[in-house]
Amino acid sequence: MKNYTITVNGTAYDVTVEEGTGSTAAAPAAKAAPKAAPKAAPAAAPKAAAGGAGAVKVTASVPGKVCKIEASAGQAVKAGENIMILEAMKMEIPVVAPQDGTIASIDVAVGDAVESGDALASMN
């Protein structure tokens, strides 16, 4: 018999499997007992922590990849003006300024993968 630990959807299972004799007959069912999965290490701090301290955070509305940055730190922007472009599901989705102001920081780079809600930039 061999023992294995298998993790499925974050739950770890100890599984004991009997070694077969080489026949194609159905083997007895494996015995599995769930056990507590080890906690994953906390994710690295978002890049926004390293950026400037703007009062307004600009976040990703969808998960995707940053394909173009159209504004830079210190640049004045109007509400609705493009700050960057995200690519998601083969579509280009503009990320726009939520209000008039100045870009305090751009917290991502072209090619970065982002999740919905991730900080992309900050504004004053």
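Results, tabulated for the structure shown:
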{"item": "Segment 83-124: GluC sites (Glu not before Pro) in DSSP loop, at most 15 other beta carbons within 10 Å", "result": "E115"}
{"item": "From phi via Karplus (6.51, -1.76, 1.60), per-residue ³J(HN,Hα) for segment 77-92 in Hz, x at Gly/Pro", "result": "10, 9, 4, x, 6, 5, 9, 7, 10, 9, 10, 9, 6, 6, 10, 9"}
{"item": "Aspartates and glutamates with Cα under 19 Å of K65, excluding same-chain neighbours fewer than 8 positions away", "result": "E87, E92, D107, D112, E115, D118"}
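We did not get these values from a lab; they are worked out from the coordinates using the rules stated. Nothing here was measured: the structure is a model prediction, and the numbers come from that model. When we count neighbours, we look across all protein chains shown, and the Cβ atoms used for this are built from the backbone with ideal geometry, even at glycine.
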